[in-house]
Amino acid sequence: MTERMVGIGAGAKELATEDMILNIGPQHPSTHGVLRLRLMLDGERISSAEPVIGYMHRGAEKLFEVRDYRQIIMLANRHDWLSAFANELGVVLAAERMLGMEVPVRAVWARTLLAELNRALNHLMFLGSYPLELGAITPMFYAFRERELIQAVLEEISGGRMHYMFNRVGGLKEDLPAGWLGRAGQAVAQVRSRLPDIEGLLLGNDIFLARTRGVGVLDRHTIMQYGVSGPIARASGVDFDLRRDEPYLAYGELPVKVATRTAGDCHARFEVLFEQLRVSLDLADACLARLAELPPGPINQRLPKVLKVPEGHTYAWTESPLGINGYYLVSRGEKTPWRLKLRSASYNNVQVLREILPGHLVADMVAILGSMFFVVGDIDK
Amino acid sequence: MAEVLDVLVRIASVMVAFLLLPLIVGQAEHKVMAHMQARLGPMYAGGFHGWAQLIADGVKFMQKEDIIPRAADRRVFALAPGVSLVPYLVVMAAIPIGPGLVAADLDVGLFFVLAVMGVGVLGSIMAGWSSGNKYSLLGGMRSAAQLMSYELPLVLAASSVAMAAGTLSLSGIVDAWQWWWLPWQAAGGVVFFIAGLAELRRPPFDMPIAESELIMGHMTEYTGMRFALFMLAEYVGIVVLSALTAVLFLGGWHGPLLPGPVWMLVKVALLSFVVIWLRVSYPRLREDQLQKLAWIGLVPVALGQLALTGLVKVLIV
């Protein structure tokens, strides 16, 4: 017969815990598509995280090389499917710069307007989906109600609700329909008037604050290291916005207010998004007012049957809703680009997950992932 | 013969309530949520405003293939939905809806009800463990943690009422109820309702299910009827929680003008509405925040309520 002494901690060796590997995705509701995160878990605490990307890689950059410039617009507007207009913009700006083409002033203002409406659409989507990830289901429906209004006016001019294909090298596809400016103005006003619905549900809510304050803090240094841009960077105090700092389109003449926060946590990112939405609606109003004053004139350029861009290279970057979206265009004077490198916002933004996820709980992982505001197509290109 | 008939009628009426009330609550949730969210909800099934949506859902669930994953612990997996549903059925039998209108009037009704309700949570722990799925496992563990921390404030709050009434019988408690108990037991009532929500894993305490994190938590691997049973358990749970709160803190069948059972149903309906309302308007707490709420929020309040109850009892007597 053996005698046993049982004290505190007895059995701890036999009951040794071990880390569990949990694959979030590629099929998981909070990855908005097919991002995969390989998490090492100790209980519910994340000890290491590795984003695995590429499940949606479609070789967009390679496809650009065998399409002419009209076709590239169609391909380019798809990688970030929530900001199609902003994606088209970089391509046409690069091509126009190489061609030395002057875009009609009406087209410039209309492009600015559409870019801002597109930004509002994109931000509304995330303002709805982020709370959903934290378990609040209602803001999603409110956000979609507002999206519907803006989508209706965009559908009226372009026929598309997501992939507008309204940009052309040298301007826009068609002139704006009669009375459209008024309808767009109404939609903007209505969206603005109902924003407090979403705001009231979330921004003062104790649970929302508890879930987002101090969670997933990104500092300035990490932002710079990883090339994070857009609302995420601005939430960490990086005061950089191409619309103000390197104006393209008509932004030079517009008072672009750049929303920034210093906290760098999920809550700051959400607040930046909210403020940017307001700013976008204001900018859209300013564009609408300006468009109404402009004298009638052309909205695009007549293009040759075969559009060849002269030899050379240029880099056109724009402030996409999710961050910096850049196209590096190298042309050898043919009708297709020799190389068109795409620098997409989400690709850089999600890389930083590796840095901020470890040490957080699985529940926080969802809060952080949602606050990175990414589109999987934009990561995988 | 009359006794047998009596028992049969009681059993039948509990069964009817058990099958009917959750459906009504479920349908109300569809419609209330929809209208709060600027949409219509079900509109087609059954014709009038989609009244038969849940019946249609039930028919659909029955036709679905019953899948048990290969990695699952088959017996436990198959048993789990039953374990989470049946306790609520048993509890329902002990809840009085009018003077003498109760299927089983137990002397220790309150004790019985609280004890049996705790068993329901076992179902989700069993499901989480047996599914052979990491998400389910995390969900089951979260359920277990939640049960541990919320049972205490639930019991403390309920015992305050029992102390005030001087009995453990649910009918006895309602009989002893006076209108001024409302402010007297208010804090306890709030604690009981919140702790009950957490035990039911309803939003904002639904992190064991948390579809954006754990897919569906312990229910991830369930399909067809077994899944439907879990859903049914959730809605019966709402009914039971609302009824218990009404009996313990809102005076059960007491109320002016209307007959007793109607008052009881009105109170249950109102509380169920609050449960739905909370789901529409709140995000989800994190597991550790929930524990914090239980231990440094609800438990002290419940203890304070207990002390207050004792004090007032001493002063009155």
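The values are calculated or read from the model by the stated rules, or taken from the named source; none is laboratory data. Please read all numbers here as calculations on a predicted model, not as lab measurements. Don't worry about glycine lacking a Cβ; one is built from the backbone with ideal geometry, like all the others, and counts go over all protein chains shown.
In table form, for the structure just shown:
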{"item": "Options A:Thr222, A:Thr212: the member that is touching a Cys at 6+ places or on another chain (Cβ under 8 Å), in contact (Cβ under 8 Å) with a residue 12 or more places away in the chain and within 26 Å of A:Glu319 (Cα to Cα)", "result": "A:Thr212"}
{"item": "Identity of the residue in the stretch A:19-40, more than 13 Å from every other protein chain (Cβ to nearest Cβ) and part of a loop (DSSP other than H, G, I, E, B), that ends up surrounded by the most Cβ atoms within 10 Å (Cβ to Cβ)", "result": "A:Leu35"}
{"item": "Filter pass, B:Arg39 being under 27 Å from B:Ser130 (Cα atoms) and in a loop (DSSP other than H, G, I, E, B)", "result": "no"}
{"item": "Hits in the stretch B:89-106 (condition: of a type outside the set (A, V, I, L, M, F, W, C) and modelled with pLDDT of 80 or more)", "result": "B:Pro96"}
{"item": "Scan of the stretch B:91-110 for residues that are surrounded by fewer than 18 Cβ atoms within 10 Å (Cβ to Cβ) and at negative phi, ordered by number", "result": "B:Gly98, B:Pro99, B:Leu101, B:Ala104, B:Asp105, B:Leu106, B:Asp107, B:Val108"}
{"item": "Which listed residue is assigned to a helix (DSSP H, G or I), charged (D, E, K, R) and buried (at least 17 other Cβ atoms within 10 Å of the Cβ), from B:Arg75, B:Arg142", "result": "B:Arg142"}
{"item": "Selection within the stretch A:251-278 - of a type in the set (A, V, I, L, M, F, W, C) and surrounded by fewer than 22 Cβ atoms within 10 Å (Cβ to Cβ)", "result": "A:Leu254, A:Val256, A:Val258, A:Ala259, A:Ala263, A:Phe274"}
{"item": "Count of residues meeting criterion [of a type in the set (Ser, Thr, Tyr) and under 16 Å from A:Glu275 (Cα atoms)] in the stretch A:116-172", "result": "1"}
{"item": "Scope the stretch B:37-56; condition within 23 Å of B:Val236 (Cβ to Cβ) and of a type outside the set (Gly, Ala, Ser); matching residues", "result": "B:Pro42, B:Trp51, B:Gln53, B:Leu54, B:Ile55"}
{"item": "Any hit, the stretch B:169-187, residues being under 18 Å from the mean Cα position of the chain (by Cα) and of a type in the set (Gly, Ala, Ser)", "result": "no"}
{"item": "Selection from the stretch A:126-148 of residues that are among the hydrophobic types (A, V, I, L, M, F, W, C) and either facing chain B (nearest Cβ under 9 Å) or surrounded by fewer than 20 Cβ atoms within 10 Å (Cβ to Cβ) (or both)", "result": "A:Leu132, A:Leu134, A:Ala136, A:Ile137, A:Met140, A:Phe141, A:Phe144"}
{"item": "Residue check, B:Gln289 more than 14 Å from chain A (Cβ to nearest Cβ), assigned to a helix (DSSP H, G or I) and not hydrophobic (A, V, I, L, M, F, W, C)", "result": "no"}
{"item": "Pair list, Cβ < 8 Å and 6+ apart or interchain, from the stretch A:30-51 residues that are over 11 Å from A:Arg354 (Cβ atoms) to residues that are buried (at least 20 other Cβ atoms within 10 Å of the Cβ) and among the aromatic types (Phe, Trp, Tyr)", "result": "A:His32/A:Phe374; A:Leu35/A:Phe374"}
{"item": "Matching residues, the stretch A:177-226, being within 11 Å of chain B (Cβ to nearest Cβ) and of a type in the set (Phe, Trp, Tyr)", "result": "A:Phe208"}
{"item": "Criterion (free of Cβ contacts under 8 Å to residues at least 12 places away in the same chain, among the hydrophobic types (A, V, I, L, M, F, W, C), under 30 Å from A:Glu148 (Cα atoms) and within 14 Å of another protein chain (Cβ to nearest Cβ)) met by exactly one of B:Ala34, B:Ala45", "result": "B:Ala34"}
{"item": "Answer residue from the stretch A:282-325, given it is touching a Lys or Arg at 6+ places or on another chain (Cβ under 6 Å) and buried (at least 19 other Cβ atoms within 10 Å of the Cβ) and is nearest to A:Leu93 (Cα to Cα) among those", "result": "A:Glu319"}
{"item": "Set B:Leu270, B:Leu241: member being over 30 Å from A:Met365 (Cβ atoms) and surrounded by fewer than 22 Cβ atoms within 10 Å (Cβ to Cβ)", "result": "B:Leu270"}
{"item": "Which listed residue, of B:Phe61, B:Phe48, is crowded, with 17+ Cβ neighbours inside 10 Å and more than 20 Å from the chain's Cα centre (by Cα)", "result": "B:Phe61"}
{"item": "Every residue from the stretch B:295-311 that is within 14 Å of another protein chain (Cβ to nearest Cβ) and over 17 Å from A:Arg211 (Cβ atoms)", "result": "B:Ile296"}
{"item": "Verdict on B:Glu3 being more than 29 Å from B:Gly128 (Cβ to Cβ), surrounded by fewer than 17 Cβ atoms within 10 Å (Cβ to Cβ) and of a type in the set (D, E, K, R)", "result": "yes"}
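Residues are listed down the side, and each one gets a yes or a no for (1) more than 24 Å from A:Thr138 (Cβ to Cβ); (2) modelled with pLDDT under 85; (3) assigned to a helix (DSSP H, G or I):
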| site | (1), (2), (3) |
| --- | --- |
| B:Val190 | no, no, yes |
| B:Leu197 | no, no, yes |
| B:Pro204 | no, yes, no |
| B:Glu213 | no, yes, yes |
| B:Tyr222 | yes, no, no |
| B:Phe227 | yes, no, yes |
| B:Leu232 | yes, no, yes |
| B:Val236 | yes, no, yes |
| B:Ala246 | yes, no, yes |
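Let's see how each residue does on (1) among the aliphatic types (A, V, I, L, M); (2) over 19 Å from B:Val25 (Cβ atoms); (3) touching a strand residue (DSSP E or B) at 6+ places or on another chain (Cβ under 7 Å):
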{"site": "B:Ala45", "(1), (2), (3)": "yes, no, no"}
{"site": "B:Ile55", "(1), (2), (3)": "yes, no, no"}
{"site": "B:Gly58", "(1), (2), (3)": "no, no, no"}
{"site": "B:Ala72", "(1), (2), (3)": "yes, yes, no"}
{"site": "B:Arg75", "(1), (2), (3)": "no, yes, no"}
{"site": "B:Ala78", "(1), (2), (3)": "yes, yes, no"}
{"site": "B:Gly82", "(1), (2), (3)": "no, yes, no"}
{"site": "B:Pro87", "(1), (2), (3)": "no, no, no"}
